[in-house]
Structures are given as C-alpha cells and as structure tokens.
1. Can you classify segment 40-114 as rounded, prolate or oblate using the Cα gyration tensor, where a ≥ b ≥ c are the square roots of its eigenvalues, rounded means a/c under 1.5, and otherwise it's prolate if a/b beats b/c and oblate if not?
2. List the residues, sorted by chain then number, that are 5 or more residues from Val119 or on another chain and whose placed amide H is less than 5 Å from its amide H.
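Please treat every number below as a calculation from the coordinates, not as lab data. This structure is a prediction, so every number in the text was calculated from the model and none was measured.
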Amino acid sequence: MRTPAMDSVFTALRRLLLNRRRQAGARRGLIIPGPATTGKTTTMMALGRSFQPADARRHPGQDGRRPVLFISVPPAATPKMLVSAFARFLGMPLTDRLNQTQITSAVCDTVCELGTQLVLIDDVHLLDTQRRAGAEPPTS
C-alpha cells in the first residue's frame, strides 16, 4: 500500500531520473531520511519493484538486464565489505586475494554490462569509514 511519504520519494526519484541527461557532473543520489520503523526499507523495495518492470518495457527483449541493484549494509561494514556485498548480489565470485579496488572495478564493469540504472543501499549509515584502507579482514 502506497503512503504519502512513498509518493514523495517516488516523485523525487522520477525528477532525478528525468534530469540526469541535463546535468553534468557526479551522479545524483536520493536519501530517504526518517526514524527507525517508518518504512524507509519498504519504500526502497517498492521503488525497485516498480522500476524493474518499467525498465523491461523500455528495453524489450533484453532479458539479461539487471536495472536495479539492492543491498543492505551490515553493521560496522567497511567500504570493502560494501563493495563485496554488491559483488555477491550480482553473483560475482570473490576470493580473499582481491582488494577493494579490484572488486570495485569488477562490480562497476558488471553493473555497466547489465544496464543497471538504480542502486539502492539500505542502512548506509552503518558504513564504517573510520578504518584504514587495507586493515579490514578478508571477506569470503
């Protein structure tokens, strides 16, 4: 069931997507603020569920597309853990020998190949950016 808060997020996302070709510079993002248990995750999942079929209509016959990528950040996640979560969502094999830069590069290449247009990150506030790069334990 859509709520007024969800409608405002959907509208904001539509505006971002419509204006993406008119503005140069970094990719734009949308933050869904609010206290716990107010429906932020539900709203993000609804965004993804509505975006996916709309993308399929715009790109008929391209079954290999993955227009939406959704991950949830685990507590105290490092940047390497975050990009590894993207890789796992995409079904990419990971080894302990890969560093953050290598995983990021592979994820970016795969996302471009799959035509991903919308990346949803739940609980991004749990990302621990205070750890020194390379000090995080290997992920499996």
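1. On the way: a/c = 3.36, a/b = 1.44, b/c = 2.33.
Oblate, because a/c is 1.5 or more while a/b does not exceed b/c.
2. For Val119, the qualifying residues are Leu69.
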